[in-house]
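One structure below.
The values are calculated or read from the model by the stated rules, or taken from the named source; none is laboratory data. What you are looking at is a predicted structure, and each value in this text was computed from that prediction instead of being measured. Note: ideal-geometry Cβ built from the backbone for every residue, glycine included; neighbour counts use all protein chains shown.
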Amino acid sequence: MHDNLIILAGGMSSRMKKNSTSNSLSKEEEIQANERSKSLISVGNNGRPLLDYLLFNAKKAGYKNIYIVINEKATLFKELYGQKKENNPFHGLSISFAIQYIPENREKPFGTADAVFQTVEQFPELNHQQYTICNSDNLYSEKSLKILRETQNKNAFISYDRDALHFSTDKILGFAVMNLDSQNYLKSIIEKPSEAIANNHKDSLGKIRVSMNIFKFDGENMFSYLKNCPVNPERNEKELPTAVLNCVKDDARAFLGIPISEHVPDLTSKEDISIIKEYLKNHYPENLNW
């Protein structure tokens, strides 16, 4: 069991900044979508951002130490959650900030594996502990966060039932499929498979499993895989799935996929804003009971 959660919020939110096909956005929502990190858009009650709700679920799941990975210009995070680099108190949580610096020869961050590596370099105590990693623009449930906090496996991930995700068909078909053995250990990841191929990789329960980028890492075990993560030739980024698969190559039982069937609300594009607002209105109280 561990108390550490790394939340990845250092991206450029490029998909959110694309023009919207929706007419439901207010002028203020349009401005926020174009200027803010996705997780800081005011979608909740009293104008609070999505990140509040993720932190709320994390606290209920038992996490105490939160490391938010931000870029160098992300000042709003500190306005909302604390000005210090580390140990900012927020509703019983301790929030620290890791900066994902962009290399001089790049315009965008170097990917999710690089984000985690820069975090453990800035907070080296994590290399001797275990920690969970998740996106900032997905609202993971208390249940999924708690499962990864309490699992006895050194490394693990939530293995989502694809059929339980309430997304459009086009979005669903774009997810990578997790190829698992009979005991749910990860064998490989299949990027954007056809339906025929996806159906050939159902798990022991007959479900097609996908990842929503929420993992548990053992710091000592994963440090070298983060440090030496190769660049994905197509996307020109160092990605967490690459580091995970390199670990699996060395140990076939390195990563356990823990099956869950539930939806994961997602804030990727402007079209998602009204959907998230309605979801929060229906599933959370007006004032969060921290």
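Numbers at a glance
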{"read-out": "Any hit, the stretch 17-30, residues being under 30 Å from Lys216 (Cα atoms) and in contact (Cβ under 8 Å) with a residue 24 or more places away in the chain", "value": "no"}
{"read-out": "Residue match in the stretch 55-64 (condition: more than 26 Å from Glu125 (Cβ to Cβ) and among the small types (Gly, Ala, Ser))", "value": "no"}
{"read-out": "Scan of the stretch 141-164 for residues that are of a type in the set (Phe, Trp, Tyr) and over 21 Å from Glu220 (Cα atoms), ordered by number", "value": "Tyr160"}
{"read-out": "The stretch 21-69 - residue that is surrounded by fewer than 22 Cβ atoms within 10 Å (Cβ to Cβ) and hydroxyl-bearing (Ser, Thr, Tyr) and, of those, nearest to Glu150 (Cα to Cα)", "value": "Ser42"}
{"read-out": "Hey, Asn221 surrounded by fewer than 19 Cβ atoms within 10 Å (Cβ to Cβ) and not in a helix (DSSP H, G or I) or not", "value": "no"}
{"read-out": "Output for the stretch 69-109, where each listed residue is in a strand (DSSP E or B) and touching an Asp or Glu at 6+ places or on another chain (Cβ under 7 Å)", "value": "Ser96, Ile99"}
{"read-out": "Output for the stretch 51-68, where each listed residue is among the hydroxyl-bearing types (Ser, Thr, Tyr) and either in a strand (DSSP E or B) or closer than 24 Å to Glu278 by Cα (or both)", "value": "Tyr53, Tyr67"}
{"read-out": "Leading residue by the ranking (farthest from the chain's Cα centre (by Cα)) among those in the stretch 232-272 that are assigned to a helix (DSSP H, G or I) and modelled with pLDDT under 95", "value": "Glu271"}
{"read-out": "Residue among Phe77, Phe90, Phe117, Phe123 that is more than 16 Å from the chain's Cα centre (by Cα) and touching a residue at least 60 places away in the same chain (Cβ under 8 Å)", "value": "Phe77"}
{"read-out": "The stretch 33-50 residues that are farther than 18 Å from Trp290 by Cα and part of a loop (DSSP other than H, G, I, E, B), paired with ones that are of a type in the set (S, T, N, Q) and at pLDDT 90 or above (beta carbon under 8 Å, 6 or more apart)", "value": "Ser37/Ser136; Ile41/Gln32"}
{"read-out": "Meets criteria (over 28 Å from Val43 (Cα atoms), surrounded by 14 or more Cβ atoms within 10 Å (Cβ to Cβ), in contact with an Asp or Glu (Cβ under 9 Å, 6 or more places away or on another chain) and not aliphatic (A, V, I, L, M)) for Lys238", "value": "yes"}
{"read-out": "Output for the stretch 151-175, where each listed residue is over 17 Å from Tyr185 (Cα atoms) and hydrophobic (A, V, I, L, M, F, W, C)", "value": "Ala164, Leu165, Phe167, Ile172, Leu173, Phe175"}
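To keep it simple, each residue is scored yes or no on (1) farther than 23 Å from Gly111 by Cβ; (2) at pLDDT below 95.
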residue	(1), (2)
Ile7	no, no
Gly10	no, yes
Arg15	no, yes
Arg36	no, yes
Ala61	yes, no
Ile68	no, no
Asn71	no, yes
Tyr81	yes, no
Leu93	yes, no
